[in-house]
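The values are calculated or read from the model by the stated rules, or taken from the named source; none is laboratory data. Because the structure is a prediction, the values reported are computed rather than measured. Note that each Cβ is placed from the backbone with ideal geometry, even for glycine, and that neighbours are counted across all protein chains shown. What goes into the accessible areas is simple: the full protein's heavy atoms, side chains included, and nothing from ligands, DNA or RNA. Shrake-Rupley method; radii C 1.70, N 1.55, O 1.52, S 1.80 Å.
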Amino acid sequence: MVQTVEFAKMNGLGNKILVVDMRGRSDRVTPEAAIALAADPETAFDQIMAIHDPKIAGTDAYIDIVNCDGTRAQACGNGTRCVVQALAAETGRRTFTFQTLAGILTAEDHADGTISVDMGKPVFQWDKIPLSEEFADTSRIELQIGPIDAPVLHSPAVMSMGNPHAVFWVDRDPMSFDLGRFGPLLENHPMFPEKANITLAQVISPTEMVTRTWERGAGLTLACGSAACSAGVSGARTGRTGRTVTITVASSPNRGKLTIEWRADDHVIMTGPAEWEWSGRLDPTTGRFARDPEAAEAMVP
């Protein structure tokens, strides 16, 4: 294998992440490589977080985010925490500033092992989310799944956290809904010209929420950080919660938790863990990879 790069298999609350070190190179992880890596059980992922040399002054890196279907994503909060953990272990630093398609993100590695990411400001204007139809109030739009007189899901809050989100409020555990069936229909609904992340959110109290997400370009995911941010903001925006909420991600292993704070300056701060699993090297053009010797001896075709 030639021209390989280092990568780490990581996760953020179960959100499967590959952190790929593309620093010092001018190429990118190709869609073909992403699809090949996603198809292998060892490297199956929700997002690739490819670390590139910074493009603008004042940032530490440019992060290219790739979905498992080979498309590019604007934001991935759980993946950003994984990048921070990897770079903190490498450099000993605690604070970082990244450029992404969604804009500039800052992050901090805390002594207790959690990582906070400033996910920026939410966007509520219908044409900037974007939606295909004008809505003056995007905290509740006309969209439903199921019979007209008894819809299964209806009236979501919609917004952008760098990528489009629709949050449907439910009155029972989100795991009890067939999101694997509804998710693709809603992700690709004509209302969302750039598709959308679909989240089911159950409010437990003004400070607690349970969520599950169908992720645009990835499908059913164990966790989605930007979706948790959208649910937290939407809860406060609709009066269901306060501006700081603990979100239990129902689909994550052990139903992991994130803290979402929608600050007075309009920035959304997400705090949670990241976990390293194993490392190796891969070809960013083909997706061929090999684990580091301590993990495995053979190259995977």
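A few remarks follow.
- When each of K16/K128; K9/K121; K55/K257; K9/K257; K128/K257; K9/K195 is checked by Cα-Cα distance, pairs over 25 Å: K16/K128; K9/K121; K55/K257; K128/K257; K9/K195
- Taking A44, A73, A136 as the candidate residues, the one with maximal mean-square fluctuation in a Gaussian network model of the chain, Cα springs under 10 Å, is A136.
- Assigned charges on the beta-carbon of Lys, Arg, Asp, Glu; the chain dipole about Cα centre (debye): 320
- Heavy-atom accessible surface of region 1-102, averaged per residue, reaches 37 Å², computed with a 1.4 Å probe.
- Residues of region 110-138 with amide N under 19 Å of the 7 Å Cα→Cβ point at D265: 110, 115-123
- Region 1-158: relative contact order in percent, alpha carbon pairs under 8 Å with at least 6 residues between: 14
- Between helix 225-237 and the chain: long-axis angle, C-alpha atoms, 0 to 90°, nearest 10: 20
- Share of carbon and sulfur in the accessible heavy-atom surface of the chain [1.4 Å probe, %]: 51
- In this structure F7 has an accessible area near 10 Å², from a 1.4 Å probe over the protein heavy atoms.
- Relative contact order (%) - criterion: Cα under 8 Å, at least six apart; region: region 75-197: 19
- The chain, Rg to Rh (Cα coordinates; Rh as Kirkwood inverse mean 1/r): 0.97
- Largest to smallest accessible area among H165, H110 [probe 1.4 Å]: H110, H165
- Most mobile listed residue (P174, P151, P54) in the chain, GNM with C-alpha springs under 10 Å: P151
- Förster-model FRET efficiency, 25 Å R0, V152 and E277, C-beta, rounded to 0.05: 0.10
- Taking A166, A236, A157 as the candidate residues, the one with maximal mean-square fluctuation in a Gaussian network model of the chain, Cα springs under 10 Å, is A236.
- Surface analysis of region 213-289 yields an accessible area of 36 Å² per residue, using protein heavy atoms and a 1.4 Å probe.
- Estimated at 0.36 nm per residue, the fully extended path between E32 and H189 surpasses their Cα-Cα distance by 53.9 nm.
- Taking each residue as 0.36 nm, the span from I104 to E90 lengthens on full extension beyond its C-alpha to C-alpha distance by 2.9 nm.
- Counting DSSP beta bridges with both ends in region 120-275, the antiparallel % (nearest 5): 75
- Three-way shape call for region 136-183 based on the alpha-carbon gyration tensor, with the a/c threshold at 1.5: oblate
- Of all DSSP beta bridges confined to the chain, the antiparallel ones make up roughly 80%.
- Ranked order, E261, E215, E142 - accessible area, probe 1.4 Å, largest first: E142, E261, E215
- Take the Cβ atoms of S176 and A57, set R0 to 51 Å, and the FRET efficiency comes out at 0.55.
- Within region 8-143, antiparallel bridges make up roughly 75 percent of the DSSP beta bridges whose residues both belong there.
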